[in-house]
Amino acid sequence: MKVYLDNAATTPVAPEVFEAMAPILKNDFGNPSSTHLFGRSSKAIIEHSRRGIAKHINCQPSEIVFTSGGTEADNMAMFTSVTELGVKRIVTSRIEHHAVGHTACHIQEKYSVELVYVDIDDAGNVDLEHLENILGATSQKTLVSLMHANNEIGTLLPIVEVSKICRRFGAYFHSDTVQTMGHYHFNLQELDIDFLTCAAHKFHGPKGIGFLYINNKVHSNAFIHGGAQERGLRGGTENLHGIVGLSKAMDLAYMNLEAHQKHVFALKSHMMNSLRNQFPEISFHGETSYEKSLYTVLNVCFPQTDKASMLLFTLDLKGIAASGGSACSSGSSQGSHVLQGINADPNRPNARFSFSRYTTLKEIDYTVDQVVDIFKNKVV
Ligand SMILES: Cc1ncc(COP(=O)(O)O)c(C=O)c1O
């Protein structure tokens, strides 16, 4: 049996998404910037997709800028805040995805921007009082970049509360919503935010396509130069079939969202309970309740062993794809900056299991059985 439980890394493309993309690749080859009928047809397809996506998150189509995915969108938000909007200080956390964390460090060095880390607790929750204190300490133009859901431990940011704090202190607010877009409803008429990041491959769309939501109140200039595409903000011929795939994936995600949420959270709860029954000393990294955690991610902290590094390898041999990083930074592994950031015990093996609407109860039961087998036979 092969079981794919690494959906936070990427998800399989939905068959309907493939069906929507294939004819575009085959037939619609016109360059969207060409003014002849082939080009106009491609352009119309892009704008139709953009309108569909904007409708799902209740924003204006002009607020969607297509990118090559989450990393580029994060870079675009952060770089343009500094180069175009005059931001002099970035406030972020130590458990952001590297697309934000490494970018923040690079910008700090390159542009002499101040970089400040907000405190987090051992479950990955941002200390909102500390955030207020940081923002209140100076009137320097500031960008706050905090992810909506942590991709390793699943802890959710109270994004509405943080957006209100940012507004109160006049700071720009960017949230990496790569793990939550397509998994939660967004209403950008109610959520007051400057930038949001999306990657299609996290919700059964294709890889290499995503977007940055840029609030219409933000007036930025080009991030990628050399073409007038995407209102001059991101030059380069558009990924037409990718955009269609992204749009279709979003339609499917939001068509039955509540049912998907219920199904996936039931799987997560079932796995938690089954593991607890087998291993009384087991615990979970990050928050685990439906309200405070991403329902697609479960990060398990197994009992201490001296062969912790064998866990993922052995699961892989049994046909189970999961992922994880250790809390230590010894040996060849760099370790996980997220687990280190929440002070996780480096002597306990961990694995991140992440689910999708295609995951079944049978797959979860098989995985738990195999985990029990691995520990019983002292493979780890
Ligand atoms: C939270 C988060 N941000 C950004 C990214 C990067 O997205 P992409 O792979 O589309 O560049 C990922 C992908 O793993 C992610 O989980």
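First measure r as the distance between the Cβ atoms of K110 and D28, then evaluate 1/(1 + (r/R0)^6) with R0 = 25 Å and state the FRET efficiency to the nearest 0.05. Let's see the in-between values first.
Working: r = 39 Å, r/R0 = 1.58.
Using R0 = 25 Å, I get an efficiency of 0.05.
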Cα→Cβ-extended label distance, 7 Å offset, between D119 and A266, nm: 4.1
Rounded to a whole %, the carbon-and-sulfur portion of the accessible area of the chain at a 1.4 Å probe is 51
What are the membrane-span-like helices in the chain by this rule: whole DSSP H runs, Cα extent along the axis at least 24 Å, mean Kyte-Doolittle hydropathy at least -0.5? 37-57
Anyone know which of V126, V218, V118 comes out most mobile in the 10 Å Cα GNM of the chain? V218
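Give, in nm to one decimal, the length gained when the segment between H225 and S309 is fully stretched (0.36 nm per residue of separation minus the Cα-Cα distance).
Values: separation 84, 0.36 × 84 = 30.24 nm, distance 4.46 nm.
That pair, H225 and S309, stretches by 25.8 nm at full extension.
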Accessible surface of K43 - all protein chains present, 1.4 Å probe, nearest 10 Å²: 80
Top mean-square fluctuation among R357, R168, R348, Gaussian network model of the chain, C-alpha springs under 10 Å? R168
Please list 142-152, 360-370 highest first by mean number of surrounding beta-carbon atoms within 10 Å per residue. 142-152, 360-370
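Taking only protein heavy atoms into account and a 1.4 Å probe, give the accessible area per residue of the stretch 15-255 in Å².
On the way: 9970 Å² over 241 residues.
It amounts to 41 Å² per residue over the stretch 15-255.
Probe radius 1.4 Å, ligands and nucleic acids left out: which of T138, T155 has the largest accessible area, and how do the rest follow? Please list the in-between numbers first.
On the way: T138 55, T155 10 Å².
Putting T138, T155 in descending order of accessible area: T138, T155.
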Given the candidates N350, G182, I159, the one whose Cα lies deepest towards the positive end of the charge dipole of the chain, counting +1 at each Lys or Arg C-beta and -1 at each Asp or Glu C-beta, is G182
Paramagnetic reach from T237 (point 7 Å along Cα→Cβ, amide N under 11 Å) across the stretch 11-35: 29-34
Using protein chains only and a probe of 1.4 angstrom, how many square angstrom of S112 are accessible, to the nearest 10? 100
Let me check something: with ligands and nucleic acids excluded, how do S323, S293, S33 order by accessible area (1.4 Å probe), largest to smallest? S33, S323, S293
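Determine, from the Cβ-Cβ distance of N273 and E190 and an R0 of 25 Å, the FRET efficiency 1/(1 + (r/R0)^6), rounded to the nearest 0.05. Please report the intermediate quantities before stating the final value.
Working: r = 35 Å, r/R0 = 1.39.
So the FRET efficiency works out to roughly 0.10.
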Straight-distance crosslink candidates among lysines, where the alpha carbon sits under 17 Å from K207 and sequence neighbours closer than 8 are dropped: K248
Under 11 Å from the 7 Å Cα→Cβ point of A44, by amide nitrogen: which residues of the stretch 249-265? none
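List the pairs from K202/K362; K43/K141; K43/K88; K292/K362 whose alpha-carbon separation is above 29 Å, in the order I gave them. Provide the component values of the computation, followed by the final result.
Working: K202/K362 23 Å; K43/K141 37 Å; K43/K88 37 Å; K292/K362 26 Å.
Cα-Cα > 29 Å for K43/K141; K43/K88; rest within.
For V218 and S289 in the same chain, what is the full-extension length gain: residue separation times 0.36 nm, less their Cα-Cα distance, in nm?
Numbers: separation 71, 0.36 × 71 = 25.56 nm, distance 3.50 nm.
That works out to 22.1 nm of additional length.
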One finds the C-alpha centres of the stretch 1-73 and the stretch 145-203 to be spaced, in Å, by 21
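Between rounded, prolate and oblate, where does the chain land on the alpha carbon gyration tensor, with a ≥ b ≥ c its root eigenvalues, rounded for a/c under 1.5, else prolate if a/b exceeds b/c? Working shown, then result.
Working: a/c = 2.02, a/b = 1.29, b/c = 1.57.
The shape class here is oblate.
The values are calculated or read from the model by the stated rules, or taken from the named source; none is laboratory data. Treat the numbers as computed from the prediction; the structure is a model and nothing was measured. Cβ atoms come from the backbone with ideal geometry, glycine included; neighbour counts cover every protein chain shown. Calculation scope for accessible area: heavy atoms of the full protein, side chains included, ligands and nucleic acids excluded. Shrake-Rupley method; radii C 1.70, N 1.55, O 1.52, S 1.80 Å.
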